[in-house]
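Taking it in order: structure first as structure tokens, then the write-up.
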Amino acid sequence: MWCYNFTVFVSAFQLLPTAPFHILKLGGNQAAAGLFLGLLTYASAISAPITGAIGDRFGKRRVLIVASIAITVFSLLYAIAPSYQLILALVLVHGVFWSGLLSSSSSYFMDIIPLSRRAEGLGYSGFASMLGVAVGPWIGLYVFDHGGWWLMCVEAAVLNIIMAVIAWRLPPDTPHADHAPSLHPRDLVEWRVIVGAVTLFLYSFSYGGITSFVAVYAGQVGVPRALYFTVFCVATILTRPFIGRYADRVGHRRLIVPCLTLIVIAIGLLSIANDRPLFVVSAMFFGVGFGSAYPLFVSHLMQHVPANRRTATFGAMIGAFDTGIGTGSIAVGWLSEHYGFGRAFGFAGALALLSIPYFLYMEKRQWTTSVSARQD
């Protein structure tokens with residue numbers, strides 16, 4: 001499962017940082033470039049409750065196999081798409097399968113991690129995505145620069161085929177067909193999860209902008225384009241296990257606000273970064289804060305979610321998280337086009353700052369203890 005997620009993110013993070021360059025080459029502007037990640041994550045967010053419920057009902061492994069094959073097809077279609085408008089149309093459908101992949105893989109991990117070590121276990125499993133994010137942009141940008149967009153997409157498609165093979169070899173999970181949520185709209189969405197997960201939206205906004213544009217921003221100020229991703233991932237890998245283990249002992253909630261604070265500081269530094277040292281320091285703070293905030297938040301929430309609604313709950317959280325990423329990508333693209341990257345990331349930092357009082361307010365109202373525990 002770890003190898004599956006690693007391959008997923010190596011493939012995805014070759015595509016995501018290079019797609020804006022290809023869209024610009026095809027005649028789009030920075031706002032259009034931001035739409036690639038924006039539309040991917042919007043489609044993922046809207047479809048996540050449905051794909052999450054499908055994973056609960058029909059089995060997570062089956063969803064992983066189907067999603068891997070589908071994303072292989074999309075990678076090949078991107079290679080031959082003649083216009084950026086067609087690429088943006090394709091990414092809308094791509095996002096549906098992306099949401100199924102994320103919710104089912106997260107829930108599969110949750111099924112095999114011991115309850116007493118949940119934050120620590122999620123931290124270790126998250127190394128797969130972090131290492132993928134660390135190496136993916138370097139590989140993608142290298143292949144894109146030396147072999148072109150077509151070769152980069154074909155290489156990503158090969159990785160997607162490897163994903164499908166790994167998923168096929170996984171031990172089958174047990175679908176909750178008898179107790180899974182129905183596909184009725186009333187049962188698909190854990191509305192209390194979404195309300196509480198606005199915290200995820202507020203701080204993931206910055207991640208959307210970073211994923212799409214930090215390479216472009218770095219190139220403008222003379223910093224290696226993939227440097228931010230690498231430092232961010234190394235900082236996460238070096239700190240996440242210790243933070244997760246400590247949180248399992250003292251309580252996940254106690255460490256969420258410090259992580260959110262580090263995210264705010266990191267984005268503030270990025271908004272004024274004009275040389276390599278500031279980029280590196282920003283990436284370090286972002287890696288420590290952002291890298292641990294999500295597993296802590298998930299561990300905190302999952303204390304109150306029944307197993308038969310676990311994937312649907314992940315779908316609701318991914319909906320909020322991906323909406324933030326998509327909005328951040330689109331907004332930072334538009335803002336940078338009109339006002340520059342400094343102000344664009346400054347706005348992202350302001351939204352991240354709002355996540356702290358919002359989380360504290362929702363905790364005071366004890367929203368997590370009201371998550372649905374329906375068994376039918």
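Here are the numbers for this structure:
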{"read-out": "Cα gyration tensor, the chain - rounded (a/c under 1.5), prolate or oblate", "value": "oblate"}
{"read-out": "In Å, descending, principal axis extents of the Cα set of region 1-77", "value": "43, 26, 20"}
{"read-out": "In order through region 328-334: 3J(HN,Hα) via Karplus (6.51 cos²θ - 1.76 cosθ + 1.60), integer Hz, x for Gly, Pro", "value": "x, 4, 5, 5, 5, x, 5"}
{"read-out": "In order through region 282-291: 3J(HN,Hα) via Karplus (6.51 cos²θ - 1.76 cosθ + 1.60), integer Hz, x for Gly, Pro", "value": "4, 5, 5, 4, 5, x, 5, x, 5, x"}
{"read-out": "Where only C-alpha atoms are counted, convex hull volume of region 8-134 per residue in Å³", "value": "103 Å³"}
{"read-out": "Region 214-340 shape via C-alpha gyration tensor axes, a/c threshold 1.5", "value": "oblate"}
{"read-out": "Under the Karplus curve 6.51 cos²θ - 1.76 cosθ + 1.60, θ = phi - 60°, whole-Hz ³J(HN,Hα) for region 344-353, x wherever Gly or Pro sits", "value": "4, 6, x, 5, 4, x, 5, 5, 4, 4"}
{"read-out": "Rounded to the nearest 20 debye, dipole of the chain from Cβ charges on Lys, Arg, Asp, Glu", "value": "620 debye"}
{"read-out": "By average C-beta atoms within 10 angstrom, highest first, the peptides 214-226, 287-299", "value": "287-299, 214-226"}
{"read-out": "Long-range amide H partners of D173 with built H, under 5 Å", "value": "K60, R61"}
{"read-out": "Positive-pole candidate from M362, Y108, F13, dipole of the chain, charges at beta carbon", "value": "M362"}
{"read-out": "For region 89-151, diffusion coefficient by Stokes-Einstein and Kirkwood Rh (Cα), 10 °C, 1.306 mPa s, µm²/s", "value": "112 µm²/s"}
{"read-out": "Assigned charges on the beta-carbon of Lys, Arg, Asp, Glu; region 1-159 dipole about Cα centre (debye)", "value": "300 debye"}
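Each value in this text was obtained by applying a stated rule to the coordinates, not by laboratory testing. As the structure is a prediction and not an experimental result, all values here were calculated from the model. So basically every Cβ, Gly included, is an ideal-geometry build from the backbone, and we count neighbours across all protein chains shown.
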